[in-house]
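To start, the structure under review is shown below, and the notes come after it.
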Amino acid sequence: MTPCPRHTVMPGLDPGIHVPDVSRMRGGFVYILTNRPNGALYVGVTSDIVRRVFEHREGLADGFTARYGLKTLVHLERFDDIATAIQREKTVKHWSRAWKVALILNGNPAWRDLYDEIAR
């Protein structure tokens, strides 16, 4: 399979999901926000986690997170390159809600807000 010239396909990952060529970008983060324990969930990806979560918390990010008041950071994964983070975000977004909740509970059973730990 020949990928689109503007996209690369990461080996070992779903070839149907193309990731933009981001070889010159640094690491990335996959994160999950909620409005309360067992509430609505949002999965996102960013290269600047502190800035991005701040935008969600302050209502600067329009859309789903603003509509449902998703401001609590309950899960965070760091990756050395942004392409891997983007692929992971796409994978987690396709998971069932039960799998996402299990992911959160595995690392953060109290659903505590992790923002203060990363914003220092």
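Any read-out appearing in this document is the output of simple, stated calculations on the displayed coordinates, not a laboratory observation. This one's a predicted model, so the numbers in the text were calculated from it and none came from an experiment. Counting neighbours? That spans all protein chains shown, and the Cβs are built from the backbone with ideal geometry, glycine included.
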Problem - Among I32, V45, H94 - extreme Cα towards positive end, dipole of region 25-120, charges at beta-carbon - result: H94
Completion exercise
Output for region 24-120: chymotrypsin sites (Phe, Trp or Tyr not before Pro) sitting in coil per DSSP, at most 15 other Cβ within 10 Å, listed by number, reads W95
Completion exercise
The residues S47, S96, sorted from fewest to most surrounding Cβ atoms within 10 Å, come out as S96, S47
Problem - Full-stretch length increase - N35, A102 - with 0.36 nm per residue and alpha-carbon distance subtracted - result: 22.4 nm
Problem - All aspartates and glutamates inside 16 Å of K93 as judged from Cα atoms, apart from same-chain residues fewer than 8 positions distant - result: D14, E77
